Structure formats: C-alpha cells, structure tokens
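Nothing in this text is a laboratory measurement; each read-out follows from the coordinates by a stated rule. Note that the structure is predicted; figures quoted are calculated from it, not measured. When we count neighbours, we look across all protein chains shown, and the Cβ atoms used for this are built from the backbone with ideal geometry, even at glycine.
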Amino acid sequence: MTTAAPPDRRLLVAGLLFGAGAMGAVDEIVFHQLLHWHHFYDRSTGAVGLVSDGVLHAATWSATVAGLALLADARRRGVWAPRRWWGAVLAGAGGFQTFDGLVDHKVLRVHQIRYGVDLTGYDVTWVAGGVLLLLAGVLLLRRSRSAAATR
C-alpha cells in the first residue's frame, strides 16, 4: 500500500521539477543551439553530441511538463502557495545549474561551457549564478515555511 505525497511536498516537487527543467532548457537553447558552444556530451562525434542534446531536451521538457502537471494538481486541491512555489522553482533552477557546472563540467567532464578560451571566468560565473539561485530559493522556501507556521 502506498500513500500519496503530502500536498505541500507535491507543490515543492512541482517547483523543483519546473525550475530544473526550465534552467536545463535555457542552457540547451542558448549554449547548445544558439551559440553552438557545446553539446551535452562532447567527448565523441558531432552526431553523438546532437543525440545527447536530444536526450537532454527530452529530459528537461519532461521535467517541465511534470512540474506543471503537479502545479495544476496543487492548484486544483487548493494548496497553492506562491512563495513556496517560486522558492522551489529558484532552488530547482539553481540546483540544475550548480550540478551542471560542478559535476558535468568538472567531475565528469562531459562538456565545458566553451572551448578554446580561458574557462575560469565562465566557470565562476556559471557556478556562482547557480549557487545564488539556489540560495535565493532556499531562503524563499524558509520564509514560506515560517509564514505558514505563524498562520
């Protein structure tokens, strides 16, 4: 026998999925498609890189749609809490960006932000931006929890 997640947790998961999916889509659209700086997996042929971009696109789109479906369910159930939702969206976006910058770029080395340039400024900007989004999301989530507790 399984039980559904509490409504508050579903709203949190909805925001995290939407935020991570949206940030992944922005990364893919801007850096992969418009600027042509890299593919998701750059350690093989260009064809493999394009396929990896397609897989990333499918994953980010799926996360975004799942997040919106959970959001619609939360609104239908009457548990919509805008501050909590936006905190989770920011945390999801920041979590995706920080993970990408640290794990994908530096640990796994599946790609870099850009090639043929000094990466220091790009890496610092990418990871710092992710950390700032993540911290803003966590702070907003904490505020939403304390505001709910005082009601």
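Listed values, structure above:
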| quantity | calculated |
| --- | --- |
| Global geometry of the stretch 46-151, whether rounded, prolate or oblate, following the gyration tensor of its Cα atoms and the 1.5 cut on a/c | oblate |
| Cα→Cβ-extended label distance, 7 Å offset, between residue 120 and residue 59, nm | 3.1 |
| Local electrostatic count at residue 33 - Lys and Arg +1, Asp and Glu -1, tallied over other residues with Cβ under 13 Å | -3 |
| Residue 132-residue 106 FRET efficiency (beta carbon distance; Förster radius 25 Å; 0.05 resolution) | 0.85 |
| Value of [θ]222 nm, deg cm²/dmol, for the chain, DSSP H segments ≥ 4, -39500 (n - 2.57) each, nearest 500 | -23500 deg cm²/dmol |
| Simple Cβ-charge dipole of the stretch 8-149, Lys/Arg +1 and Asp/Glu -1, about Cα centre, in debye nearest 20 | 880 |
| Per-residue ³J(HN,Hα) for the stretch 115-126, Karplus 6.51 cos²θ - 1.76 cosθ + 1.60, θ = phi - 60°, Hz, x for Gly and Pro | 10, x, 9, 5, 7, 3, x, 5, 5, 4, 5, 5 |
| Whole-Hz ³J(HN,Hα) from phi, Karplus 6.51 cos²θ - 1.76 cosθ + 1.60, for the stretch 49-59, glycine and proline x | x, 5, 5, 5, 5, x, 5, 4, 4, 4, 5 |
